[in-house]
1. Look through 62, 104, 3 and report the one residue that is at pLDDT 90 or above and over 21 Å from residue 141 (Cβ atoms).
2. Checking the structure you have, find out if any residue of segment 44-56 is in a strand (DSSP E or B) and under 19 Å from residue 32 (Cβ atoms).
3. Please tell me if residue 47 is closer than 21 Å to residue 109 by Cβ, surrounded by 19 or more Cβ atoms within 10 Å (Cβ to Cβ) and either touching a helix residue (DSSP H, G or I) at 6+ places or on another chain (Cβ under 6 Å) or touching a residue at least 60 places away in the same chain (Cβ under 8 Å) (or both).
4. If residue 98 passes every condition in (1) more than 17 Å from residue 133 (Cα to Cα); (2) at pLDDT 90 or above but one, which one does it miss?
5. Only one of these conditions is not met by residue 87: (1) surrounded by fewer than 15 Cβ atoms within 10 Å (Cβ to Cβ); (2) modelled with pLDDT under 95; (3) in contact with a strand residue (DSSP E or B) (Cβ under 8 Å, 6 or more places away or on another chain). Which number is it?
6. Might you let me know whether segment 33-43 holds any residue that is buried (at least 16 other Cβ atoms within 10 Å of the Cβ), in contact with a helix residue (DSSP H, G or I) (Cβ under 9 Å, 6 or more places away or on another chain) and either modelled with pLDDT of 90 or more or in a strand (DSSP E or B) (or both)?
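The values are calculated or read from the model by the stated rules, or taken from the named source; none is laboratory data. As the structure is a computational prediction, the values presented were derived from the model and not from experiment. Please note: Cβ atoms are built from the backbone with ideal geometry, for glycine as well, and neighbour counts cover all protein chains shown.
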């Protein structure tokens, strides 16, 4: 199995185990626009940052700028901050940063509002473990 595939599986499993995708506060849900559900269960349109590990913030996409946001998908750019959790723990871990291109898709229409349920990160200069892409399932529940 390739390192990129292993990274995608590992990070996806970690996100699911930790409750899925977390988002930093951003604009509230706009009528008619899809959202991403954060760790608090709130729908967010065009977040400035997305925390992929609700429990410890070890995987976060920062400084996001969105070039498009429609019912068909969203595209943007940002920086992935990845805590290696090495040499021994995440508290002592080294944070590595990687430029990313972000794609959101797979809009689920129920419950309302419509929410993106899939995210792909593309690394123009390779990401953690040499990954070219990583795919995540966005599955936080509305509360």
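1. 62
2. Checking segment 44-56: at least one residue is in a strand (DSSP E or B) and under 19 Å from residue 32 (Cβ atoms).
3. So residue 47 does not fit the description; no.
4. Condition (1) is where residue 98 drops out.
5. Going through the list (1) surrounded by fewer than 15 Cβ atoms within 10 Å (Cβ to Cβ); (2) modelled with pLDDT under 95; (3) in contact with a strand residue (DSSP E or B) (Cβ under 8 Å, 6 or more places away or on another chain), residue 87 breaks only (3).
6. no
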